[in-house]
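A short write-up of the structure that comes next.
The values are calculated or read from the model by the stated rules, or taken from the named source; none is laboratory data. Source: prediction; values computed, not measured. Virtual Cβ from ideal backbone geometry, glycine too; neighbours counted across all protein chains shown.
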């Protein structure tokens, strides 16, 4: 039951993203995006899923959010959801269990570097305001 609820949560997030025009219909299908793209032995796929995160010292309203990492056709896509706002990751790079990307927030570029270890993710976000520690927990798995 818990697994079905998590899949439903992911589907709802993905559907809401697609309604905003940020994800095409092929990305929404859980079976084609998450299950078939994840292969055993490819450690980078540990990144795929949904991550609830917190940012220590961030401005009010930006201190927590939800990160969705998807893989389709060997390309990673990142979306960051903070409150009711959704930001698309740009310049996404993946090496092993590390992912880096940029997001534009209120006209400023924020560079994010994260590393997954089990069901935890950590790293930092760097902007013109400084660097902030990010910690998160996988709340929606690709499995």
Flag if residue 142 is at pLDDT below 95 and touching a strand residue (DSSP E or B) at 6+ places or on another chain (Cβ under 8 Å): yes
All positions within the range 97-111 that are more than 13 Å from residue 69 (Cα to Cα) and either free of Cβ contacts under 8 Å to residues at least 12 places away in the same chain or surrounded by 13 or more Cβ atoms within 10 Å (Cβ to Cβ) (or both): 102, 103, 105, 106, 107, 109, 110, 111
Close pairs from the range 47-73: first closer than 15 Å to residue 98 by Cα, partner in a loop (DSSP other than H, G, I, E, B) and modelled with pLDDT of 95 or more, Cβ under 9 Å, at least 6 apart: 67/89; 69/89
Among (1) farther than 17 Å from residue 114 by Cα; (2) out of contact with any strand residue (DSSP E or B) (no Cβ under 8 Å at 6 or more places or on another chain); (3) modelled with pLDDT of 50 or more; (4) surrounded by 11 or more Cβ atoms within 10 Å (Cβ to Cβ), the one test that residue 60 misses: (4)
